[in-house]
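The values are calculated or read from the model by the stated rules, or taken from the named source; none is laboratory data. This structure is a prediction, so every number in the text was calculated from the model and none was measured. Positions of Cβ are generated from backbone atoms using ideal geometry, with glycine treated the same way; all protein chains shown enter the neighbour counts. For accessibility, only protein heavy atoms count, side chains too; no ligands or nucleic acids. Shrake-Rupley method; radii C 1.70, N 1.55, O 1.52, S 1.80 Å.
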Amino acid sequence: MAFFQKKADIQVDMDHLPQHIAIIMDGNGRWAKKRGLPRTAGHAAGSETFRTVATFAKDIGLQYLTVYAFSTENWKRPPEEVAAIMNLLEKYLHEAIDRMARDKVKMAFFGDLTPLTPKLQALCHETEEISKGYDGCQVNICLNYGGRDEIMRAAQAYAQACVEGRADPHHLTQEQFGNWLYSAGVPDPDLIIRPSGELRISNFLLWQCAYAEFYYTDVLWPDFTKEELLKAIASYQNRSRRYGGI
Ligand code: IPE
Ligand code: IPE
Ligand code: MG
């Protein structure tokens with residue numbers, strides 16, 4: 001029998017959570033602007049929201065949470081803003097390392113980490129390494145990530161394997177191709193949430209979103225709460241997924 005959590009009139013069937021939720025953490029800049037603060041203050045507030053939401057996702061027993069932290073296109077921003085985002089990530093990873101043994105959260109990174117500072121790259125590898133044996137919630141952080149970039153890199157690596165005789169193009173399946181992506185081994189997202197009112201995908205999980213359910217809200221990411229996550233899950237649970245069937 002399903003257990004229903006009733007919180008602020010949001011009814012969620014906790015026995016049938018989506019297996020994988022992905023979030024485009026957008027709206028930090030507008031949140032700051034509304035308050036007359038620098039954009040970096042919005043990113044700081046957004047990183048607090050990420051802590052809250054990731055902890056809540058773990059607590060309710062979500063299996064996979066994937067968040068878009070920095071896109072391949074976000075390098076177009078002023079260097080000071082990029083540096084501030086990277087510093088916040090560094091701070092977050094230091095804290096995560098301290099908490100990992102207790103939380104048993106597995107962390108992974110999707111994206112090309114090589115343009116990041118050696119220090120940040122080392123922290124990413126350390127968190128992946130420490131947590132790789134954990135079987136609790138898996139949090140994937142998309143960092144210097146772009147859906148097209150991911151697919152192109154997979155195609156390149158696959159083509160190279162074919163040239164070297166390690167792969168045979170005549171027998172390629174969608175499932176096998178998926179194993180060349182950053183998300184290898186992770187099921188496709190069931191639910192993709194985008195706060196901030198933008199109704200676009202912005203190069204997020206292009207291959208994996210094929211049959212994802214979308215949830216958009218005007219709430220800006222720093223204002224996103226546990227209740228907002230429950231609202232998104234409740235909306236997801238009221239949908240009928242047909243995958244092209246009837
Ligand atoms: C999302 O918030 C954070 C990143 C893209 C790194 P934005 O910084 O895009 O916030 P808005 O869209 O300008 O409000
Ligand atoms: C998407 O948000 C990327 C992240 C949230 C990390 P953007 O703010 O970069 O997307 P656009 O520019 O509005 O499409
Ligand atoms: Mg934005």
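For the range 133-150, which positions are within 21 Å of Q208 (Cβ to Cβ) and open to solvent by 50 Å² or more (accessible area, probe 1.4 Å)? Write out each step before concluding.
Filtering the range 133-150 down to residues within 21 Å of Q208 (Cβ to Cβ) leaves 137-150.
If the condition is that a residue be within 21 Å of Q208 (Cβ to Cβ) and open to solvent by 50 Å² or more (accessible area, probe 1.4 Å), then R148 is the only one that fits.
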remark   = Those residues of the range 42-69 that are open to solvent by 30 Å² or more (accessible area, probe 1.4 Å) and farther than 27 Å from K106 by Cβ come to a total of 0
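What tally of residues in the range 143-195 results from selecting those that are of a type outside the set (D, E, K, R) and either part of a loop (DSSP other than H, G, I, E, B) or within 30 Å of V82 (Cβ to Cβ) (or both)? Please lay out each step first, then the result.
As a first pass, look at the range 143-195 and keep what is of a type outside the set (D, E, K, R): 143-147, 151-152, 154-163, 165, 167, 169-174, 176-187, 189, 191-193, 195.
Checking which are either part of a loop (DSSP other than H, G, I, E, B) or within 30 Å of V82 (Cβ to Cβ) (or both) leaves us with 143-147, 151-152, 154-157, 165, 167, 172-173, 179-187, 189, 191-193, 195.
Of the residues in that region, 29 qualify.
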key: Among the candidates A184, A167, residue that is surrounded by 14 or more Cβ atoms within 10 Å (Cβ to Cβ) and either within 16 Å of ligand 2 (Cβ to nearest atom) or not acidic (D, E) (or both)   = A167
request  = Report, by residue number, each residue of the range 29-41 that is within 16 Å of ligand 2 (Cβ to nearest atom) and surrounded by 15 or more Cβ atoms within 10 Å (Cβ to Cβ).
outcome  = G29, R30, W31, A32, R39, T40
query = Which condition does Q160 not pass, out of (1) without any contact (Cβ under 8 Å) to a residue 60 or more places away in the chain; (2) within 16 Å of ligand 3 (Cβ to nearest atom), if it passes all the others?
reply = (2)
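Conditions (1) in contact with a helix residue (DSSP H, G or I) (Cβ under 7 Å, 6 or more places away or on another chain); (2) within 25 Å of E150 (Cα to Cα); (3) among the aromatic types (F, W, Y), marked per residue:
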{"position": "D59", "(1), (2), (3)": "no, no, no"}
{"position": "P78", "(1), (2), (3)": "no, yes, no"}
{"position": "V82", "(1), (2), (3)": "yes, yes, no"}
{"position": "Y92", "(1), (2), (3)": "yes, yes, yes"}
{"position": "M100", "(1), (2), (3)": "yes, no, no"}
{"position": "G111", "(1), (2), (3)": "no, yes, no"}
task = Would you be able to say whether some residue in the range 74-87 is under 22 Å from Y182 (Cβ atoms), without any contact (Cβ under 8 Å) to a residue 24 or more places away in the chain and aliphatic (A, V, I, L, M)?
result = yes
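Looking only at helices (runs of 4 or more DSSP H) that lie completely in the range 1-108, which have at least 1 residues being farther than 21 Å from P195 by Cα and more than 14 Å from the chain's Cα centre (by Cα)? Even if it seems obvious, please write down each step before you answer.
Values: elements: 28-34, 39-60, 79-103.
Filter on the range 1-108 gives 39-60, 79-103.
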message = Looking at T173, T117, T72, can you tell me which residue is over 26 Å from C209 (Cα atoms) and open to solvent by 20 Å² or more (accessible area, probe 1.4 Å)?
response = T117
